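Asker: Got a structure here, written out as structure tokens. Questions coming.
Every read-out reported here was derived from the displayed coordinates using simple, explicitly stated rules and does not represent laboratory data. All values reported here derive from a predicted model rather than from experimental measurement. No Cβ is skipped: glycine too gets one built from the backbone with ideal geometry, and neighbour counts run over all protein chains shown.
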């Protein structure tokens, strides 16, 4: 137990440059409090004490702004940074060294039964405001860009951005979770820029046709 507690604190120092001391982290990091509360709630959930487990999770939600269903399975060194608004569903499975940022939803897509929430494998990063929905798998060492909505499986070592989420990097250099969200590609903006170039070409063609028509009118 003490080893897991130390891991929970150490990963904060590794991921958050604002962390200054163990005392500060233990008292002020809501993500850490939510994870510890979830461990207690999950213990009672596995013992079929469902009501008590839900009460603990809701008390944690009230104080931290982070909602983790007691049925979710979470691995070691899980880090929630600025976690307000994070939601993790009942059948979520989260591996080791996973990082979530504020506003992330790991949710379902409807009222289906059974496994209905995502699985995040080891070393996954899900950036601010992203939504990962349904019984899908985000492969190991992958990133989900800020604001993305992911509805399909993501292969390992991939980067996903956009609505709906699209894989823009796959099987390249191993992805290591970091804070450089601004460096992620934006396929939507790429499409917009391509349309702007096409529009500029069409405008040039129209101008050329107008000039040709004027010249033809003068000759007549």
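Asker: Short version: what are the Cα gyration tensor semi-axes of the stretch 1-92, square root of 5 times each eigenvalue, largest first, in whole Å?
Answerer: Listed largest to smallest, the semi-axes of the stretch 1-92 are 23, 14, 11 Å.
Asker: Quick one: length gained pulling residue 22 to residue 47 fully straight, 0.36 nm per residue minus the C-alpha distance?
Answerer: Contour length minus the Cα-Cα distance gives 5.8 nm.
Asker: Related question: Please state the shape class of the stretch 58-132: rounded when a/c is under 1.5, otherwise prolate if a/b exceeds b/c and oblate if not, all from the C-alpha gyration tensor.
Answerer: Note, shape of the stretch 58-132 comes out rounded.
Asker: Helix 50-64 versus the longest principal axis of the chain: what angle, 0 to 90°, nearest 10, using Cα atoms?
Answerer: 60
Asker: Can you sort 133, 197 by how many other beta carbons sit within 10 Å, fewest first?
Answerer: 197, 133
Asker: Arrange the following residues from fewest to most other Cβ atoms within 10 Å of their Cβ: 76, 20.
Answerer: Fewest-to-most ranking of 76, 20: 20, 76.
Asker: State the Kirkwood hydrodynamic radius of the stretch 21-68 in Å, one decimal place, computed from all pairs of distinct Cα atoms.
Answerer: Averaging 1/r across every pair of different Cα atoms and inverting gives 10.9 Å.
Asker: Quickly work out the residue 194-to-residue 152 label distance, labels modelled 7 Å from Cα along the C-beta direction, and quote it in nm with one decimal.
Answerer: 1.6
Asker: Take residue 4 and residue 207, extend 7 Å from each Cα along the Cα→Cβ direction, and tell me the distance between the two endpoints in nm.
Answerer: Rounded to a tenth, the inter-label distance reads 6.7 nm.
Asker: Ok, one more. Hey, what's the per residue convex hull volume over the C-alpha atoms of the chain, in cubic angstrom?
Answerer: With only Cα atoms used, the chain gives 167 Å³ per residue.
Asker: Looking only at 34, 156, 18, which one moves most when the chain is put into a Gaussian network model with springs between Cα atoms under 10 Å?
Answerer: 18
Asker: On a 0 to 90 degree scale, rounded to 10, what angle separates helix 2-15 from the longest Cα axis of the chain?
Answerer: 30
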